[in-house]
1. Please go through the stretch 155-178 and give me each residue that is among the aromatic types (Phe, Trp, Tyr) and either touching a His at 6+ places or on another chain (Cβ under 9 Å) or surrounded by 19 or more Cβ atoms within 10 Å (Cβ to Cβ) (or both), ordered by number.
2. Please tell me if residue 87 is under 23 Å from residue 361 (Cβ atoms), assigned to a helix (DSSP H, G or I) and more than 15 Å from the chain's Cα centre (by Cα).
3. Counting just the residues of the stretch 281-296 that are surrounded by fewer than 24 Cβ atoms within 10 Å (Cβ to Cβ) and not β-branched (Val, Ile, Thr), which one comes out farthest from residue 531 (Cα to Cα)?
4. Can you tell me how many residues within the stretch 2-23 are in contact (Cβ under 8 Å) with a residue 24 or more places away in the chain and farther than 22 Å from residue 142 by Cβ?
5. Given the criteria closer than 20 Å to residue 14 by Cα, in a helix (DSSP H, G or I) and in contact with a Gly (Cβ under 6 Å, 6 or more places away or on another chain), does residue 126 qualify?
6. With 134, 125, 81, 150 as the choices, which residue is open to solvent by less than 10 Å² (accessible area, probe 1.4 Å) and closer than 19 Å to residue 229 by Cα?
7. Do the conditions hold for residue 381, that is, is it at pLDDT 95 or above and not aliphatic (A, V, I, L, M)?
8. Among (1) more than 13 Å from residue 326 (Cα to Cα); (2) modelled with pLDDT of 95 or more; (3) open to solvent by 10 Å² or more (accessible area, probe 1.4 Å), there is one condition residue 310 misses while meeting the rest; what is its number?
Amino acid sequence: MIISIVFLPLIGFLYCIFFGKIFGDKSSQIISTLLLFISTMLSWYIFIQYIEIKNTEIYFLFNWITSGSFIVNWAFRVDALTSAMLIVVTTVSFCVHLYSIGYMKSDKSISRFMSYLSLFTFFMLMLVTSDNLLQMFFGWEGVGLTSYLLIGFWNYKESANKAAIKAFIVNRVGDFAFALGIAGIFFIFGSIEFDIIFEKASLFKDHTIYFLGFNFSTINLLCFLLFIGAMGKSAQLGLHTWLPDAMEGPTPVSALIHAATMVTAGVFMVARLSPLFTLADTVNIFITFIGASTAVFAATIALTQNDIKRVIAYSTCSQLGYMFFAAGLGAYNASIFHLTTHGFFKALLFLSAGSVIHAMHHEQDMRKMGGLFYKVPLTATMMWIGSLAIIGFPYLSGYYSKDIILETAFFSSSNIGSYAYFIGIFTALLTAFYSWRLLFLTFHGETRVSKENFVKIHESPLVMLIPLFLLSIGSIFSGVFLSEYFIGSKENEFWNSSVVIFNNHYHMPFSQILLSKVSVSLGILIAVLFYFFRKELAANLASNFNFLYSLSLNKWYVDELYNFLITKPFFALSNILWKNGDKKIIDEYGPNGISRIINAFSSYLSQFQSGYLYHYAFVMLAGLVIILSWFVYF
């Protein structure tokens, strides 16, 4: 069954690539979507099995690599963590496939697009079912490759090409550290199989490694390298710059990459290796700090963005910060719980935004929208559900998963836990503000669309609305139905050692519950005041606090800083090495120099090609003398 789940998307990719043009784009859409639907149903079947308690199972396929003591098997690891990731990845991917049938219907390369979606899903499934680090790295690099193809799908746009290259290069920074971490684990543990690593992990708790004149904690060093890889893939502070630019891809790509798949790979990796990370106390402090800082950093940027997709993109970055600081505090089950609920409501938000963009004839600037609720009521309702879920509205999915993260931080009894808690509370306020700002600017108030274009706005076709309804079900009910198993009384039976469990069954003091609810309510009230009752206040505030507004609008100038510190010096150095090193030294004395010598020598020899017989006879005689002299004297 697990083999079918993983390889059905690969079959869809192969069909689209080799038979898409032969049998038409419609066949590619139907076949690839149908295969994903089957994979999704099988994934839910496996997940339901693990709700009823099931042990870890390893499905061996074949031996992959054997080189001395380095032995790698190709096998699938199926446990509760895998089952949770399977339902999120396949469900979101199926919805994106189905949605793309309507959204991409006028595109000229439909089969190619569907093939990329299926290939991306295959690599992501390979990643979450891996039984060793090399197999995980195969899926890790695979989603990086296909994300490059999907972000740059509209390759006739220069901005899309640049965004794809940026995503690829920034991720290479993290991937290099991840590869070093894998190599280090093999060097220390003698294996890259998860079971062997987990068995030996406690033996190396106090082990140190000597490097550059210092003794480093081995576990901390390895986990630090692994986490740098997670930072790149999951767009954490410092390696986050690729994620907003990835909005240049088609909207279904944004939903697939930024909702539940590629960007959550880092969170999944940390949870999968939780027996190792639990021992890395110093790195856990770093993870918590980076996660909390990313949460508030990205939220402050989302406050002022005007592109509807970029607001949601920075929201993704912020919510990933929540997941990481939960993992840093040891609450891996809470982290995966928020990953699961987030997958549903974030995919819903992206696809709803795509429905708005489709209705607006590819307009993404919220300042040019407004009053769309009565033109696209179903899309607007779905966007409202997703927004309420992300702010933690009572009894929607985000209400359960965000609250448990804040509870974990509150009861952690550490300085870094307190930092994460108060940052989490403040970020919740910002999340409520920018979510309601998006809703008001897009769907309510007076329209800013011209009368001519406003008349043309219409609801999306049914094939685009069905995925929204499916995701809205997950956004509403996934929290209440899964909380008992992920973070409640049945958590030990469900997870069954697939992740390290943080048993937090304390109850938040009423004052703290009130604080979190007041912060969300305050964010909503400010948004209502600024964008519904007193619309001039937002402009006045931006004018009075121009520095802070510019800082947020320009994304804290991180891209400009990288451009100044890294990109420009790199290009300047490359230019110097190219002109003075490559051209003046290597080319001048290498190929060009040799060619000049050969050319001069050839010109001299060509003088003997005069056409006179006695010249040729002289050359032949000279050659004969040289040959005889060689044999006589040498």
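1. Going through the stretch 155-178, the residues among the aromatic types (Phe, Trp, Tyr) turn out to be 156, 168, 176, 178.
Once the filter is applied, which keeps residues that are among the aromatic types (Phe, Trp, Tyr) and either touching a His at 6+ places or on another chain (Cβ under 9 Å) or surrounded by 19 or more Cβ atoms within 10 Å (Cβ to Cβ) (or both), the stretch 155-178 yields only 178.
2. Values: under 23 Å from residue 361 (Cβ atoms): no; assigned to a helix (DSSP H, G or I): yes; more than 15 Å from the chain's Cα centre (by Cα): yes.
Spelling it out, it is not the case that residue 87 is under 23 Å from residue 361 (Cβ atoms), assigned to a helix (DSSP H, G or I) and more than 15 Å from the chain's Cα centre (by Cα).
3. Here the answer is 281.
4. Here the count works out to 1.
5. Values: closer than 20 Å to residue 14 by Cα: yes; in a helix (DSSP H, G or I): yes; in contact with a Gly (Cβ under 6 Å, 6 or more places away or on another chain): yes.
Against the criterion (closer than 20 Å to residue 14 by Cα, in a helix (DSSP H, G or I) and in contact with a Gly (Cβ under 6 Å, 6 or more places away or on another chain)), residue 126 qualifies.
6. Numbers: 134 fails: open to solvent by less than 10 Å² (accessible area, probe 1.4 Å); 81 fails: closer than 19 Å to residue 229 by Cα; 150 fails: closer than 19 Å to residue 229 by Cα.
Within the list 134, 125, 81, 150, the selection yields 125.
7. Details: at pLDDT 95 or above: yes; not aliphatic (A, V, I, L, M): yes.
Yes, satisfied.
8. (2)
The values are calculated or read from the model by the stated rules, or taken from the named source; none is laboratory data. Because the structure is predicted, anything quoted here is derived from the model rather than measured. With ideal geometry, Cβ positions are generated from the backbone for all residues, glycine too; neighbour counts draw on all protein chains shown. Surface accessibility is based on the protein's heavy atoms, side chains included, excluding ligands, DNA and RNA. Shrake-Rupley method; radii C 1.70, N 1.55, O 1.52, S 1.80 Å.
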